[in-house]
1. Can you compute the helix-only [θ] at 222 nm over the chain? Use -39500 (n - 2.57) per DSSP H run of at least 4 residues, normalise by all residues, nearest 500 deg cm²/dmol.
2. Please report, in Å, the Rg and the Dmax of the range 8-71, where both are computed over Cα atoms only.
3. Hey, rough spin-label estimate for residue 66 and residue 51, points 7 angstrom out along Cα→Cβ, what's it come to in nanometres?
4. Compute the acute angle (0 to 90°) between the alpha-carbon long axis of helix 25-41 and the principal axis of greatest extent of the alpha-carbon atoms of the chain; round to the nearest 10°.
5. Rank by packing, highest mean first: peptides 5-12, 22-29, with packing defined as the count of other Cβ atoms within 10 Å averaged across residues.
6. Treating the angle as unsigned and between 0 and 90°, give the value, to the nearest 10°, between the Cα long axis of helix 56-65 and the longest Cα principal axis of the chain.
7. What do you get for the angle between helix 5-17 and the principal long axis of the chain? Use alpha-carbon atoms, 0 to 90 degrees, nearest ten.
8. With +1 on each Lys and Arg Cβ and -1 on each Asp and Glu Cβ, how big is the dipole of the chain about its Cα centre, in debye rounded to the nearest 20?
Amino acid sequence: MGWCSGTDIFDEIVGVVLPMNSLPILDKKTLIKTLIEILWSHDWDCEYDSEYTQDNFVRLCFEELDFHFTD
């Protein structure tokens, strides 16, 4: 059983991080990938419910962590 509440947390944080123009791209990527790893460690398996899984930058973060990540 997964942790679908993680999607709410993920979407809220990513929604703040992505538009932060003062934050370098590598820092955004590190932050998002760290968030994904933490949520996965808590059995988050509802990633596809996120409104950001179709965002190219966010998808890249997922794919770098798990090359099997697909639509």
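Readers should treat all values here as calculations from the given coordinates under stated rules, not as data from a laboratory. Owing to the predicted nature of the structure, the values given are computational and were not obtained by experimental measurement. Neighbour counts are summed over all protein chains in view; Cβ atoms, including those assigned to glycine, are modelled from backbone coordinates with ideal geometry.
1. Estimated from H runs of four or more residues: -18000 deg cm²/dmol.
2. In Å, with Rg to one decimal and Dmax whole: 11.0, 32.
3. With each label placed 7 Å out from Cα toward Cβ, I get 2.3 nm.
4. The angle comes out near 20 degrees.
5. Result, highest mean Cβ count within 10 Å first: 5-12, 22-29.
6. Helix 56-65 sits roughly 60 degrees off the main axis of the chain.
7. The two axes meet at around 10 degrees.
8. Computed charge dipole of the chain: roughly 340 debye.
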